[in-house]
Amino acid sequence: MAEMSYRTALVTGASSGLGRGMALWFARRGVKVYAAARRRENLEALANEARAAGAHIEPVELDVADADATVARIRELDAACEGLDLVIANAGFGKESSARRLNWETVKQTLDVNVTGAAATLSAVLPKMVERQRGHLVGVASLAAFRGLPRQAAYSASKAFLSTFMESLRVDLRGTGVHVTCLYPGFVKSEMTAQNKFNMPFLLETEEAVELMGRAIQRGEAQYLFPWQLARVMGLVKLLPNALFDATARKLR
Ligand SMILES: NC(=O)c1ccc[n+]([C@@H]2O[C@H](COP(=O)([O-])OP(=O)(O)OC[C@H]3O[C@@H](n4cnc5c(N)ncnc54)[C@H](OP(=O)(O)O)[C@@H]3O)[C@@H](O)[C@H]2O)c1
């Protein structure tokens, strides 16, 4: 598989965690990166860090939950840089919530960011990429996409949406010159996982995960599940019959 090369990239959710790491990873390799998120001050700090390393990151204040504004802003960026080569829909929201105390605001925010926001981010540039016969779309799903995990109804379902969305894009876009990659991280240290009160098996450092993700994107992998140990476990969990899955998941809860 030939290594991808990019001039320009957009990374959403770049103000912290995996998005911040991936923005720097590509910028350090000579890519001009548009780093998008809501927290402007974090993005400015990221741009300064990149500048000090001789790399180029442009902060873009963006709330992906506002889907129409997201599409408009990304199309502006695409036109301004004469075509984004790489778009990484990474912005994500996750908050544990038992179905017994389901909070509609949490469910809505999860869907607005992880489903509508991600689909808007990827759809915004798609027609132009097809026209140019060049581009790479990346979705950051999760190993949580494979089953409805306990206390994660909205989050698991939102990542299952993204996984299926990316798969259809991949099938449709074959032969167009537009590549599609879906990433499935396990547990990685970040602001999101810092709130978790349960044991996180095979927890990775942010930098380790960023390195794995950056390389998988560059290789043009269709799907990349990691760490391999948890990916294996989730591969088996996916095959469990409902009764066995429910009993195991109830114990985890
Ligand atoms: N860490 C893990 O273990 C893990 C595992 C599987 C999948 N993932 C996925 O990896 C991605 C990155 O997560 P992370 O772990 O790096 O968490 P994180 O540090 O909490 O980062 C989440 C990012 O999303 C941005 N974001 C949230 N709501 C947004 C909105 N409405 N508009 C624009 N940006 C928004 C945040 O920026 P602002 O708040 O500044 O807007 C932040 O930059 C997410 O999609 C997550 O679901 C993470």
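Things worth noting here:
- Filter pass, Asp112 being within 16 Å of the ligand (Cβ to nearest atom) and acidic (Asp, Glu): yes
- Exclusive hit being under 14 Å from Gly21 (Cα atoms) and outside any loop (DSSP other than H, G, I, E, B), set Ala243, Ala231, Ala209, Ala247: Ala209
- Of all the listed residues (Gly21, Gly17, Gly13), the sole one being within 13 Å of the ligand (Cβ to nearest atom) and either touching a strand residue (DSSP E or B) at 6+ places or on another chain (Cβ under 7 Å) or hydrophobic (A, V, I, L, M, F, W, C) (or both) is Gly13.
- Some residue of region 197-212 being without any contact (Cβ under 8 Å) to a residue 24 or more places away in the chain, under 25 Å from Arg28 (Cβ atoms), out of contact with any helix residue (DSSP H, G or I) (no Cβ under 8 Å at 6 or more places or on another chain) and among the acidic types (Asp, Glu): yes
- Test result for Thr110, buried (at least 23 other Cβ atoms within 10 Å of the Cβ), out of contact with any strand residue (DSSP E or B) (no Cβ under 8 Å at 6 or more places or on another chain) and within 26 Å of Val188 (Cα to Cα): yes
- Looking only at residues in region 125-145 that are within 16 Å of the ligand (Cβ to nearest atom) and over 19 Å from Phe26 (Cβ atoms), the one that is surrounded by the fewest Cβ atoms within 10 Å (Cβ to Cβ) is Ala144.
- Selection from region 217-228 of residues that are surrounded by fewer than 19 Cβ atoms within 10 Å (Cβ to Cβ), assigned to a helix (DSSP H, G or I) and of a type outside the set (Phe, Trp, Tyr): Arg219
- Restricting the first member to region 65-80 and to residues that are free of Cβ contacts under 8 Å to residues at least 40 places away in the same chain, and the second to residues that are within 14 Å of the ligand (Cβ to nearest atom) and in a helix (DSSP H, G or I), no beta-carbon pair is closer than 7 Å while six or more apart or on different chains.
- Taken together, the residues in region 146-180 that are hydroxyl-bearing (Ser, Thr, Tyr) and within 14 Å of the ligand (Cβ to nearest atom) amount to 4.
- Region 206-222, residues that are within 14 Å of the ligand (Cβ to nearest atom) and more than 15 Å from Val188 (Cα to Cα): Ala216, Ile217
- Residue within region 5-18 that is modelled with pLDDT of 95 or more, surrounded by 19 or more Cβ atoms within 10 Å (Cβ to Cβ), more than 22 Å from Arg215 (Cβ to Cβ) and not polar (S, T, N, Q) present: no
- A single member of Leu173, Leu149 is within 24 Å of Gly235 (Cβ to Cβ) and aliphatic (A, V, I, L, M), and it is Leu149.
- So Met192, is it in contact with a Cys (Cβ under 8 Å, 6 or more places away or on another chain), surrounded by 16 or more Cβ atoms within 10 Å (Cβ to Cβ) and closer than 23 Å to Ala119 by Cα: no
- Of all residues making up region 57-100, the number that are of a type in the set (Asp, Glu), farther than 24 Å from Thr193 by Cβ and crowded, with 16+ Cβ neighbours inside 10 Å: 3
The values are calculated or read from the model by the stated rules, or taken from the named source; none is laboratory data. Please read all numbers here as calculations on a predicted model, not as lab measurements. We place every Cβ from the backbone using ideal geometry, glycine too, and count neighbours over all the protein chains shown.
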